[in-house]
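J.: The structure is given below, and queries will be raised subsequently.
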Amino acid sequence: MRILIKNGTVATASELFKSDVLIEGEKIALLGADLVSKVGEVDRTIEASGKFVIPGGIDPHTHLDMPFGGTKSADDFETGTRAAAFGGTTCVVDFAIQPAGGALRAGLDEWHRKAEGKACTDYGFHMIVREAGKETLAEMDLLVKEGVPSFKLFTAYPGVFMVDDATLLRALQRSAGNGSLICLHAENGPAIDVLVAEAVANGHTAPKWHALTRPPRLEGEATHRAIVLAEQAGAPIYIVHLTCKEALTALREARGRGVPAMAETCPQYLFLSQENYEEPNFEGAKYVMSPPLRPKGHDEALWQGLRFGDLELVSTDHCPFNFKGDKDLGKSSFAKIPNGAPGIEPRMSLMWDGGVRAGRIDVNRFVEITSTAAAKIFGMFPAKGTIAVGSDADLVVFDPEKEIRWSAKTHHMRVDYNPYENRVTRGAPAQVFSRGNLIVDGEKWLGKAGAGKFVRRGSRQGK
Ligand code: URP
Ligand code: ZN
Ligand code: ZN
């Protein structure tokens, strides 16, 4: 199959130029002006004048089909990657989980079973590590060789995912040797537990107490501590879902002294705020996620972090729970509300509208933070994350004028609410290609469950 995308403006993380794009099979075959007269017959031509042609988005932080908080995230690999594609994301990296008391292998096999035959776009896995005994550390080396070169550890959720500092240090030391990357959920779990118990004992059970018991300083402290442990181990570290000034300061200080500390943030921390927890009729529960939404002011600091390069990229932490049936498990107490929110679909449109259109970032930086940086950091570049001859034809024809009014009634995520209900964004995908297949054409879905392939990622040292 040969497809020609003509008259578009190609945008990568570093370039912006008028060019046609020839797709042959799964790959980008040729770039250049006026290819129509040069390449002979094609099977299909897509007109892209007035539009940008960008690399498919990469979302390196999703939780599809994940058991959590007494329930399960509402999108599986089929519905989640389909919604991602409608939003312009053509590759996700999801978090497989080491079973409590079990092996990494068992968790990884389980996640392969969840994704195979279902995923509509390509996908990779990180592995959540709950302990780092001798066997687990040895398994980490094996996973790196199998294309899973990143591991998530938590200093939050005591009794569920939390590890102690010794475990974190051991995992970091191992990653220094095997070329993998430790991703960290940085909040001080034990301190938060004290505040949660106090709040509940005082009868404070409404959703807003989720935020009040997880203050920014406890994210800042955990971020600083984890980075110091990484420094000690001589390993890089990647902080997931960074939300606040305190954590950003810890990150900046470390980078200033040469520590390879990286971090992502997510749209919810840029577009929503702690005020959302005040929504009536328990609707504040829709925003219960960890770390929580922050008071206004933190959002502008995060935008600055993105603009000046201290924050590498924007992922979603897509972890949808239905308002009815899941979030209401916490009606009696905020501490029982499943943590997580949907976001896999609106990410690219939000970042275009609030970033590029609002003048905070340029088009190249938009491509970098929604695609290229994730491909580089997580070992998929240049197959993914850019537009170059030989790269996968994961492409989006992006219409900078297309408006979307976000609503649970019309979104493609399998969840009964949208955190951005009624927000209008301008800038959205017109067509989306996954390895050369046109999977979204306007409002039409042309993709297939099971067409997505597992991406064996390289380690950061190319091992
Ligand atoms: O609230 C969140 N973020 N839920 C998903 C799990 C995690 O911590 O990333
Ligand atoms: Zn997390
Ligand atoms: Zn997460």
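The values are calculated or read from the model by the stated rules, or taken from the named source; none is laboratory data. Computed from a predicted model, the values in this text were never measured in an experiment. Glycine also receives a Cβ, built like all others from the backbone with ideal geometry; neighbour counts cover every protein chain displayed.
J.: Given the options I369, I387, I361, name the one that is more than 16 Å from ligand 2 (Cβ to nearest atom), over 19 Å from G124 (Cβ atoms) and touching a strand residue (DSSP E or B) at 6+ places or on another chain (Cβ under 7 Å).
T.: I387
J.: Then there's this: Which one of P60, P67 is loosely packed, with under 15 Cβ neighbours inside 10 Å, within 16 Å of ligand 3 (Cβ to nearest atom) and under 27 Å from the mean Cα position of the chain (by Cα)?
T.: Details: P60 fails: loosely packed, with under 15 Cβ neighbours inside 10 Å.
None of the others qualify; the one that does is P67.
J.: Any idea which of (1) more than 25 Å from L4 (Cβ to Cβ); (2) among the aliphatic types (A, V, I, L, M); (3) free of Cβ contacts under 8 Å to residues at least 40 places away in the same chain; (4) not in a loop (DSSP other than H, G, I, E, B) is the one V36 doesn't satisfy?
T.: (1)
J.: Return the residue satisfying two criteria in turn: it lies in the range 290-336 and is within 14 Å of K72 (Cα to Cα) and under 20 Å from the mean Cα position of the chain (by Cα), and of such residues it is nearest to ligand 2 (Cβ to nearest atom).
T.: Per the stated criteria, the residue is C319.
J.: Against the definition (in the same structural domain as P99 (by TED's automatic domain parsing), more than 18 Å from A247 (Cα to Cα) and more than 16 Å from ligand 2 (Cβ to nearest atom)), how does S175 come out, yes or no?
T.: Details: in the same structural domain as P99 (by TED's automatic domain parsing): yes; more than 18 Å from A247 (Cα to Cα): yes; more than 16 Å from ligand 2 (Cβ to nearest atom): yes.
Here the answer is yes, as S175 does meet what is asked.
J.: While we're on this one: Can you name the condition, by its number, that P55 falls short on among (1) within 16 Å of ligand 3 (Cβ to nearest atom); (2) crowded, with 23+ Cβ neighbours inside 10 Å?
T.: With (1) within 16 Å of ligand 3 (Cβ to nearest atom); (2) crowded, with 23+ Cβ neighbours inside 10 Å applied to P55, the lone miss is (1).
J.: Right, another one. If you go through the range 316-332 one residue at a time, how many are small (G, A, S) and either surrounded by fewer than 18 Cβ atoms within 10 Å (Cβ to Cβ) or within 12 Å of ligand 1 (Cβ to nearest atom) (or both)?
T.: 2
J.: Now for a separate question. It is to be established whether one or more residues within the range 4-14 are more than 29 Å from the chain's Cα centre (by Cα) and closer than 18 Å to D392 by Cβ. Steps first, answer last, please.
T.: Step one: filter the range 4-14 for residues more than 29 Å from the chain's Cα centre (by Cα), giving 4, 6-7.
Filter once more, so that each one left must be closer than 18 Å to D392 by Cβ: 4.
Yes, some residue in the range 4-14 is more than 29 Å from the chain's Cα centre (by Cα) and closer than 18 Å to D392 by Cβ.
J.: If only one of L153, L195, L181 is within 16 Å of ligand 3 (Cβ to nearest atom), in contact with a Ser or Thr (Cβ under 6 Å, 6 or more places away or on another chain) and either at pLDDT 95 or above or assigned by TED's automatic domain parsing to the domain that holds V240 (or both), which one is it?
T.: L181
For every residue, the table says whether it meets (1) on the phi > 0 side of the Ramachandran plot; (2) of a type outside the set (A, V, I, L, M); (3) assigned to a helix (DSSP H, G or I).
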site	(1), (2), (3)
E264	no, yes, no
N276	no, yes, yes
A285	no, no, yes
K296	no, yes, no
E300	no, yes, yes
R307	no, yes, yes
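J.: Here are G189, G124: which of them is within 16 Å of ligand 2 (Cβ to nearest atom) and buried (at least 17 other Cβ atoms within 10 Å of the Cβ)?
T.: Working: G124 fails: within 16 Å of ligand 2 (Cβ to nearest atom).
After ruling out the rest, the residue left standing is G189.
J.: Select from the range 220-236 the residues that are away from ligand 3 (no atom under 16 Å from the Cβ) and of a type in the set (V, I, T) and write down the one among them that is nearest to the chain's Cα centre (by Cα). If you could, list the steps in order and put the result at the bottom.
T.: Let us first name the residues in the range 220-236 that are away from ligand 3 (no atom under 16 Å from the Cβ), namely 220-221, 224-225, 227-236.
Add one more test, that the residue is of a type in the set (V, I, T), and what stays is 227-228.
Working: I227: 21, V228: 24 Å.
Residue satisfying both the conditions and the ranking: I227.
J.: In addition: Take the residues in the range 44-96 that are among the hydrophobic types (A, V, I, L, M, F, W, C) and without any contact (Cβ under 8 Å) to a residue 60 or more places away in the chain; name whichever of them is farthest from ligand 2 (Cβ to nearest atom). I'd like the intermediate steps shown before the answer.
T.: Within the range 44-96, the first condition is being among the hydrophobic types (A, V, I, L, M, F, W, C), and the residues that meet it are 46, 48, 52-54, 58, 64, 66, 68, 74, 77, 83-86, 91-93, 95-96.
Within this subset, residues satisfying the condition of being without any contact (Cβ under 8 Å) to a residue 60 or more places away in the chain are 95-96.
Values: F95: 8, A96: 14 Å.
Only one residue tops the list, namely A96.
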